[in-house]
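Presented below is the structure to which this report refers.
The values are calculated or read from the model by the stated rules, or taken from the named source; none is laboratory data. Since the structure is predicted, the reported quantities are computational estimates derived from the model, not experimental observations. Counting neighbours? That spans all protein chains shown, and the Cβs are built from the backbone with ideal geometry, glycine included.
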């Protein structure tokens, strides 16, 4: 037995929203006891009160979550300033365990390893999936992924998104049980007879000539092909400033690419350009462009990839992780993104997700996990 229920409330009052969530869940659970949960909440809620009330209802719940830049679910579709909760009910064939690593701003890799170590202590079956929703501000996202990869068995997909705060870039929060964190790495591990598949699409396409990053440090690119990175951008944009409208496509060894979006910060004297995540020296990069229709079509493509990878049978639930930059660019059409993904499944399944400060997933099942910008991730889960 593997049952998943979803609740979603857009009531701005924390206590009323919590009561709404619990009532929705109770009706769907029909007396069953949930094992684990994912909670995605807007930044303005009283998060400690929210966590306390949920854990009072199910004291043994393996719960993680984070703050967001927008929320989606099969209950209310796309919302802002709302809260959504997904609960998992599993028998002995599937084990689910939560872990948390704190102080990721000091040592992100160690924080990630600590979260996996904690979560795996309660597992006796092989790990099949890791969902994570880490801190996004002042942390090294690559180090988080490296730490997770070090601690997980080879081939375990890591999927999720970075916590957000409605484009304020001030403070985000992560959840683990009753505890509220900032600068942490929460994980939810699934072990045993779990089946999962994911899809990755952005809608951006490379244009112009590729270049090689010849000098960079962390999130800052100083040179591409030995010339200032700002010159590379201005070759295509003229006097327009580097922006998330034109992210860099960063190519992997097998010629796939993930996106790196400029943060809007650059230095005209040194010619450096800052991005929302690391860009490694030696990487092949290329300017990319898109439009609203292509961005929306990517959510459909992402889900179709996941459906094809899942194969025969029906998934039990879907999760979505989309970039806050996509929400900014789509504006009033943001709701169409979830609708396209939902309709592409072909069946009605419980689903939820959130708009992130960066997305996490492999390009394909069994491949290395990457950190993405401006990308739509679909995840389907079920039982074998």
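Can you find a residue in the stretch 30-41 that is more than 17 Å from residue 350 (Cβ to Cβ) and buried (at least 18 other Cβ atoms within 10 Å of the Cβ)? Among the residues of the stretch 30-41, at least one is more than 17 Å from residue 350 (Cβ to Cβ) and buried (at least 18 other Cβ atoms within 10 Å of the Cβ), which makes the answer yes. Kindly establish whether residue 341 is under 23 Å from residue 361 (Cα atoms), assigned by TED's automatic domain parsing to the domain that holds residue 79 and either touching a residue at least 40 places away in the same chain (Cβ under 8 Å) or assigned to a helix (DSSP H, G or I) (or both). Yes; evaluated as a whole, the condition is true for this residue. Among what's in the stretch 364-378 and is touching a helix residue (DSSP H, G or I) at 6+ places or on another chain (Cβ under 7 Å) and not in a loop (DSSP other than H, G, I, E, B), pick the residue that is nearest to residue 155 (Cα to Cα). The residue in question is 369. Only strands (runs of 3 or more DSSP E) whose full extent lies in the stretch 212-321 are considered here, and the ones with at least 1 residues that are more than 19 Å from the chain's Cα centre (by Cα), touching a residue at least 60 places away in the same chain (Cβ under 8 Å) and surrounded by fewer than 20 Cβ atoms within 10 Å (Cβ to Cβ) are 284-289. Where strands (runs of 3 or more DSSP E) fall wholly inside the stretch 1-92, the ranges with 1 or more residues that are more than 21 Å from residue 356 (Cβ to Cβ) are 2-9, 62-67, 83-90. Would you confirm, using the coordinates I've provided, whether residue 324 is outside the structural domain of residue 194 (by TED's automatic domain parsing) and surrounded by 18 or more Cβ atoms within 10 Å (Cβ to Cβ)? It is false that residue 324 is outside the structural domain of residue 194 (by TED's automatic domain parsing) and surrounded by 18 or more Cβ atoms within 10 Å (Cβ to Cβ).
Name the residue, out of 122, 149, that is farther than 17 Å from residue 198 by Cα, outside any loop (DSSP other than H, G, I, E, B) and either more than 16 Å from the chain's Cα centre (by Cα) or not assigned by TED's automatic domain parsing to the domain that holds residue 182 (or both).
Criteria check complete, one pass: 149.
The criterion of being more than 22 Å from residue 194 (Cβ to Cβ), free of Cβ contacts under 8 Å to residues at least 24 places away in the same chain and in the same structural domain as residue 324 (by TED's automatic domain parsing) does not hold for residue 81. Within the set 112, 98, the sole residue that is in a helix (DSSP H, G or I), touching a strand residue (DSSP E or B) at 6+ places or on another chain (Cβ under 6 Å) and either touching a residue at least 12 places away in the same chain (Cβ under 8 Å) or assigned by TED's automatic domain parsing to the domain that holds residue 189 (or both) turns out to be 112. Based on this model, can you work out whether residue 193 counts as under 30 Å from residue 314 (Cβ atoms) and either surrounded by fewer than 19 Cβ atoms within 10 Å (Cβ to Cβ) or without any contact (Cβ under 8 Å) to a residue 24 or more places away in the chain (or both)? The answer is yes for residue 193.
Determine if the stretch 331-349 includes at least one residue that is surrounded by 24 or more Cβ atoms within 10 Å (Cβ to Cβ) and closer than 15 Å to residue 258 by Cα. No, because not a single residue in the stretch 331-349 is surrounded by 24 or more Cβ atoms within 10 Å (Cβ to Cβ) and closer than 15 Å to residue 258 by Cα.
Identify, from the list 66, 25, the residue that is in contact with a strand residue (DSSP E or B) (Cβ under 6 Å, 6 or more places away or on another chain), surrounded by fewer than 21 Cβ atoms within 10 Å (Cβ to Cβ) and either in the same structural domain as residue 333 (by TED's automatic domain parsing) or modelled with pLDDT under 95 (or both).
25
Only one of the numbered conditions (1) in a loop (DSSP other than H, G, I, E, B); (2) touching a helix residue (DSSP H, G or I) at 6+ places or on another chain (Cβ under 8 Å) is not met by residue 165, and that is (2).
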